[in-house]
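Everything below concerns the one structure shown next.
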Amino acid sequence: MISLDDEALVDSYGRRLVFDAPVNALVWIGDMAWFACGDGHAHRVSFAAERKTVAAHKGAILCATAHPDGQSLLTGGDDGRLVRLTSDGDVGEIGGFGRYWVEHVVASPQSGLIVAAVGKEAVIWKQGQREAAHRHGYSSTVGGLALDAKGKRLAVTHYGGATLSYASSADSSRTELKWGGSHLACTMSPDGGYLVSAMQETGLHGWKLPQMVDMAMNGYQAKTRSFSWSRRGKWLATSGDNSVIVWPFEGKTGPLGKRPVTRGALGALVTKVACHPFDEIIAAGYADGAVALLRIGDDSFALVQAADGKAVSALAWSADAETLAWGTEGGSGGLLAMNTLPR
């Protein structure tokens with residue numbers, strides 16, 4: 001790793017990008033990074049300088065994920081639409097919901113399911129169907145969505161806790177996980193043994209499944225808005241503090257009774273985290289615009305981008321880990337070619 005005194009890696013081994021609006025989401029599809037922005041445009045960018053811009057929404061793009069086909073992008077917006085963008089730039093509406101924003105979307109190549117959060121409902125599309133198959137309703141607005149590794153079990157967070165069901169069934173039985181407060185974004189561990197939610201208050205709450213044992217994960221300075229599992233789910237990296245908070249999930253009890261590891265205290269709040277697909281390395285974005293690579297095993301790091309005052313709002317690795325991409329609230333972004341770094 002490289003120290004803070006060294007030149008930012010993007011200047012020698014990367015590419016800087018500029019957009020006309022904040023980057024709200026970032027998704028890799030093959031060797032193309034899609035930057036979904038607050039003006040409704042999605043920008044498809046490759047490291048080889050290829051770039052294509054698609055007008056996807058009449059308003060801000062609020063969420064994005066890869067389509068189950070692995071070739072196209074799904075985006076939800078404040079215009080009440082869920083749309084599919086192809087590599088050729090074609091835009092097709094998957095669903096329209098009027099005044100309701102599409103704030104969350106998840107999809108699975110394993111099951112072919114697509115799930116979008118619309119108000120108090122999770123709307124579900126099955127593989128090969130153009131119309132929504134059914135909807136699961138909840139007592140309050142959906143705060144977050146997550147599918148398990150098989151793309152079958154759906155977790156929905158809301159006020160008062162979370163609900164587990166099987167997304168493909170309209171009449172699925174439900175498991176209620178209760179905990180006071182408003183639960184927002186959520187994530188399931190790769191083995192399906194844990195569900196973790198970000199609270200409206202500072203801190204996380206987790207459940208060990210299927211026993212439904214509660215886990216309070218407190219001590220954060222700010223709200224957690226980003227988390228990422230390391231390879232095989234050994235660690236969960238989280239934002240919301242002046243360093244990356246990394247919880248240990250190895251063993252039968254996971255983080256119960258254990259203290260987290262802290263990495264990458266660079267002077268600003270951590271806003272985004274993304275674990276390397278293969279190694280115990282974390283990419284971290286900060287509220288001052290800095291981006292760094294951190295090792296879980298020690299305190300070494302490499303500075304990818306120096307602080308520029310624009311908070312990092314999106315961060316993602318390509319599936320082959322050859323490229324790291326990031327975007328900011330100020331409409332800037334970048335790509336780092338990992339295979340060109342000195343060994």
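Overview of results
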quantity: Test for residue 321: is it in contact with a Leu (Cβ under 9 Å, 6 or more places away or on another chain) and of a type in the set (A, V, I, L, M, F, W, C); calculated: no
quantity: Selection from the stretch 85-107 of residues that are of a type outside the set (Asp, Glu) and within 17 Å of residue 39 (Cα to Cα); calculated: 85, 89, 91, 101, 102
quantity: Strands (runs of 3 or more DSSP E) within the stretch 243-343 that include 1 or more residues among the hydrophobic types (A, V, I, L, M, F, W, C) and crowded, with 22+ Cβ neighbours inside 10 Å; calculated: 244-248, 270-275, 281-286, 291-295, 301-305, 312-317, 323-328, 332-337
quantity: Every pair of residues 6+ apart whose Cβ atoms lie under 6 Å, when the first sits in the stretch 300-317 and is farther than 15 Å from residue 16 by Cα and in contact (Cβ under 8 Å) with a residue 12 or more places away in the chain while the second is part of a strand (DSSP E or B) and β-branched (Val, Ile, Thr); calculated: 311/271; 313/23; 313/328
quantity: Subset tally (residues that are under 18 Å from residue 66 (Cβ atoms), assigned to a loop (DSSP other than H, G, I, E, B) and not β-branched (Val, Ile, Thr)) for the stretch 83-128; calculated: 13
quantity: Residue satisfying all of: in the stretch 158-169; of a type outside the set (A, V, I, L, M) and over 17 Å from residue 135 (Cβ atoms); surrounded by the most Cβ atoms within 10 Å (Cβ to Cβ) among these; calculated: 161
quantity: Any hit, the stretch 54-73, residues being touching a His at 6+ places or on another chain (Cβ under 7 Å), farther than 26 Å from residue 294 by Cβ and at pLDDT below 95; calculated: no
quantity: Among residues of the stretch 104-149, those that are under 19 Å from the mean Cα position of the chain (by Cα), surrounded by fewer than 16 Cβ atoms within 10 Å (Cβ to Cβ) and of a type in the set (Gly, Ala, Ser), counted; calculated: 1
quantity: Residue within the stretch 226-239 that is farther than 22 Å from residue 7 by Cα, in contact with a helix residue (DSSP H, G or I) (Cβ under 9 Å, 6 or more places away or on another chain) and crowded, with 20+ Cβ neighbours inside 10 Å present; calculated: no
quantity: Residue match in the stretch 13-20 (condition: within 29 Å of residue 124 (Cβ to Cβ) and at pLDDT 95 or above); calculated: no
quantity: Per-region count, the stretch 128-162, residues more than 24 Å from residue 230 (Cβ to Cβ), out of contact with any Leu (no Cβ under 6 Å at 6 or more places or on another chain) and among the small types (Gly, Ala, Ser); calculated: 7
quantity: Strands (runs of 3 or more DSSP E) (entirely within the stretch 16-69) containing at least 3 residues that are over 25 Å from residue 130 (Cβ atoms) and touching a residue at least 40 places away in the same chain (Cβ under 8 Å); calculated: 23-29, 32-37
quantity: Residue ranges of strands (runs of 3 or more DSSP E) in the stretch 148-217 with at least 3 members modelled with pLDDT of 95 or more and under 18 Å from residue 239 (Cα atoms); calculated: 175-188, 194-199, 204-208
quantity: Residue in the stretch 75-82 that is under 30 Å from residue 180 (Cα atoms) and part of a strand (DSSP E or B) present; calculated: yes
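The values are calculated or read from the model by the stated rules, or taken from the named source; none is laboratory data. Because the structure is a prediction, the values reported are computed rather than measured. As a convention, Cβ positions derive from the backbone with ideal geometry for all residues, glycine included, and neighbour counts pool all protein chains shown.
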